[in-house]
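The next block holds one structure in the form of structure tokens; read it before the comments.
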Amino acid sequence: MAFTSDQETKILAMLSAFEGGQQVDDLPLATDTVQDKKIEVFDDITGASGRMDLRQAVRMSSAPSCGRVWNLAVSTPKAQGWFGSLELLRNLPETLGLGCYLVKNDHSRRKLDPTNHYRFANGETAKLDGSMGHYQWGWGKKFYLAIYRIGNLLYKEVSLAPIPGQYNYVIPVGSMSAHGFAALDRTSGTLVSYVNDDVNYRGGDSTDWDGTYRTLLGRAATNKNTEYWRAAARKNGSGWLCGTMRHTSVVKILFEIIFGTQDMQAGYNAAKDADGLYQGGLGSGVTGMPDWNGYNGYRPFLPTSVGVELGDSCGVSTYNVLKADGSTHYAAPVPVFFGLKNPFGYLWRQMDDEFVRCNADTSVTHLVAPSIYGTWAIGNETGMTAYSTSPTKGEGYIKTLSYDNLENFPTQTGGSASTYHCDYFWNNSNATSGFRLCLRGCNANNGAQSGPAALNVNNAVSDANVNWGSPLNYFWKEDIFYRERDLASRRKIN
């Protein structure tokens, strides 16, 4: 086959380049600074070659990070894209050790089998009744979160190492009740995370419905004020708390990064997207209970064993709430997030480390305990730190919220059930002084208003209710906030 003159010219040029090529050892030495240097990289999945900053390549190989980015100029709750290490993002649940553990009061813990929580990861039998520790959901490694804004883009990033150039939230090993809510040892008054039908752990407000379709045996404990839950949690020892803002925020942020949406109530989708990432949400959750008052006076109706069969997976576990005649009153779709049941909905959560101060203009200011090992009391501002302030008369769907200090607090309403954060903020008491509780997550009859950002600040700090409960939470050590100094190179958005 004869070549054209143009082809011959190109072939000769390539031959000249080949003959004039240099070995690596023949190249001149580069400076020892990494700024402005590029390397070629190859994507095993797509087969495409590309270039990357050398500094970023070194960091991504030794301490990768990943995240999602949202365009604040649009109202969709879905992320615009992912960035960082796709491999880490695909495997983030396993990398962090998300799942269920049995945890003793001294914080020693054993991982449960990810497919069967009635045995340990090594195959030994595990008991969830309290004889071997608290049945907890959490993560097995310390990790770092960074949430930052560049123009109209909001980045949420996670790594096992400090993220350069950003304010890092250091998340120590921690956990919370795997059921989403705790039980109560009625002999000792201790908050516990057990799956146990003994009368000593009867849930609700201890109404004697044992042996009936409305039994409260093996149900979450409710109808105690927040100070009671705080004291009951601390009977387990140092580092134990009832529900916390910090745990709630970590669950919300991890869900957003892993699933790529701020709408946890989006329909569940078992299939991964084209990048092999989770998509969709966890479904409506237990938020559509019909005639809850007529059924059992707004008391808990889910056993603490619900959803155990899903292990450490994500999905929906349907529990049939029965009537007296054995027919189904409500097929409750229990959301499960890598083993965590009811991350939203079912019962309001009473919080240990936060409450609000009511202001003269009807807004409320978020008051947070600066340290989980500090001393504070619900309704006393001493020892608390004031963070964000809500809108005035701001009841409505949340449009913007503050992630600063992991506070997960609404700063603007005007959204809807399908836009922005998709969760509701209640502040309709018009109080102009005093303090109010932070109740999170929503009830079993709040429907689309529910979610991990849903917040109710209408109730007095001394209040209790039969449809309020709290999980048992712990952190292995104090949570720390600090800032990295050097500037991070920006990631390309995929």
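The values are calculated or read from the model by the stated rules, or taken from the named source; none is laboratory data. Note that the structure is a prediction, hence the values are computed from the model and not measured. Here the Cβ is made from the backbone with ideal geometry for all residues, glycine too, and neighbour counts use every protein chain on show. For accessibility, only protein heavy atoms count, side chains too; no ligands or nucleic acids. Shrake-Rupley method; radii C 1.70, N 1.55, O 1.52, S 1.80 Å.
Each row is one residue, and each column tells you yes or no for (1) out of contact with any helix residue (DSSP H, G or I) (no Cβ under 9 Å at 6 or more places or on another chain); (2) on the phi > 0 side of the Ramachandran plot; (3) in a strand (DSSP E or B); (4) of a type in the set (Val, Ile, Thr).
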position: ASP312; (1), (2), (3), (4): no, no, no, no
position: VAL316; (1), (2), (3), (4): no, no, yes, yes
position: ASN320; (1), (2), (3), (4): yes, no, yes, no
position: ASP325; (1), (2), (3), (4): yes, no, no, no
position: ALA332; (1), (2), (3), (4): yes, no, yes, no
position: PRO335; (1), (2), (3), (4): yes, no, yes, no
position: MET351; (1), (2), (3), (4): no, no, yes, no
position: GLU354; (1), (2), (3), (4): no, no, yes, no
position: ARG357; (1), (2), (3), (4): yes, no, yes, no
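Let me confirm something: among ALA444, ALA448, ALA386, which residue is in a helix (DSSP H, G or I) and at pLDDT 95 or above? On inspection, the qualifying residue turns out to be ALA448. Taken over the range 163-215, the residue count meeting the criterion of being over 16 Å from ALA233 (Cβ atoms), open to solvent by less than 20 Å² (accessible area, probe 1.4 Å) and not in a loop (DSSP other than H, G, I, E, B) is 5.
Candidates are the residues of the range 216-225 that are part of a loop (DSSP other than H, G, I, E, B) and of a type in the set (Gly, Ala, Ser); the one that is nearest to PRO303 (Cα to Cα) is GLY218. Among the residues of the range 80-120, those that are part of a strand (DSSP E or B), over 30 Å from ASP263 (Cα atoms) and among the charged types (D, E, K, R) comprise ARG109, ARG110, ARG119. Restricting attention to the range 278-310, the residues that are more than 25 Å from ASN445 (Cβ to Cβ), in contact (Cβ under 8 Å) with a residue 12 or more places away in the chain and out of contact with any helix residue (DSSP H, G or I) (no Cβ under 6 Å at 6 or more places or on another chain) total 1. TYR148 passes every criterion in (1) at pLDDT below 95; (2) open to solvent by 20 Å² or more (accessible area, probe 1.4 Å) apart from (1). Close Cβ contacts (under 6 Å, 6 or more residues apart or on different chains) running from residues in the range 423-438 that are of a type in the set (Phe, Trp, Tyr) to residues that are not in a strand (DSSP E or B) comprise TYR424/GLN449; TYR424/ALA454; TRP426/GLU395; TRP426/ASN458; PHE435/GLY379; PHE435/VAL461. Among the residues of the range 255-269, is there at least one that is within 19 Å of the chain's Cα centre (by Cα), of a type outside the set (Ser, Thr, Tyr), surrounded by fewer than 17 Cβ atoms within 10 Å (Cβ to Cβ) and under 30 Å from GLU157 (Cα atoms)? Yes, because at least one residue in the range 255-269 is within 19 Å of the chain's Cα centre (by Cα), of a type outside the set (Ser, Thr, Tyr), surrounded by fewer than 17 Cβ atoms within 10 Å (Cβ to Cβ) and under 30 Å from GLU157 (Cα atoms). Residues in the range 216-237 that are within 27 Å of the chain's Cα centre (by Cα) and open to solvent by less than 50 Å² (accessible area, probe 1.4 Å): GLY218, ARG219, ALA220, ALA221, THR222, THR226, TRP229, ARG230, ALA232, ALA233, ASN236, GLY237. Among the residues of the range 352-368, is any farther than 18 Å from CYS438 by Cα and among the aromatic types (Phe, Trp, Tyr)? Looking for residues that are farther than 18 Å from CYS438 by Cα and among the aromatic types (Phe, Trp, Tyr), one finds none in the range 352-368, hence no.
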